[in-house]
């Protein structure tokens, strides 16, 4: 009986230790330079519906169900989606806009697991005809689920999707 108790206590101690050393937060971002003026780039990016044209997740499930609430390109606009296992179920809400500088949104995922992240798209004028675009998101890993992130590299996994999406955004904007 004592051996079982020691095993249970050891397992609890391992879980606590792993939760203490596992990452408590994440931040992923990528950037690209688009050969267009900042106002043109920003005017396109502010509309969440335009993400359907360049988002890598829309390509992973072109048949995902989408629903929109509010006025696209304005604070309070919400895009909801329900898709396959690659995109899950969730919503994105625009929470702030700084003209020609940033669009901040909150991502709320419901499936395959519940989480919340702060996402952003920022623009910075490099010169009169080129704009740096930074796409990123960050969030908190709550214990004990943060143990998962000892074995999953968020930057590597989501980063390649950001790179793919930004390349497509560049292609679209530069072809206009």
Next item on the list: Output the residue which, of all residues in the range 70-88 that are surrounded by fewer than 16 Cβ atoms within 10 Å (Cβ to Cβ) and over 26 Å from residue 41 (Cβ atoms), is nearest to the chain's Cα centre (by Cα).
Entry: 86
Check: residue 67: surrounded by fewer than 14 Cβ atoms within 10 Å (Cβ to Cβ), part of a loop (DSSP other than H, G, I, E, B) and touching a strand residue (DSSP E or B) at 6+ places or on another chain (Cβ under 9 Å), yes or no?
Finding: no
Next item on the list: Determine which member of the set 109, 137, 149 is surrounded by 13 or more Cβ atoms within 10 Å (Cβ to Cβ), out of contact with any helix residue (DSSP H, G or I) (no Cβ under 7 Å at 6 or more places or on another chain) and part of a helix (DSSP H, G or I).
Entry: 149
Checklist line | Among the residues listed as 25, 29, 55, the single one being exposed (fewer than 15 other Cβ atoms within 10 Å of the Cβ) and in contact (Cβ under 8 Å) with a residue 40 or more places away in the chain | finding: 25
Item checked: Residues of the range 19-50 that turn out to be assigned to a helix (DSSP H, G or I) and either touching a strand residue (DSSP E or B) at 6+ places or on another chain (Cβ under 8 Å) or at pLDDT 95 or above (or both), as a count -> 11
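The values are calculated or read from the model by the stated rules, or taken from the named source; none is laboratory data. Just so it is clear, the model here is predicted, and its values are computed rather than measured. Note that we place each Cβ from the backbone using ideal geometry, even for glycine, and neighbour counts take in every protein chain shown.
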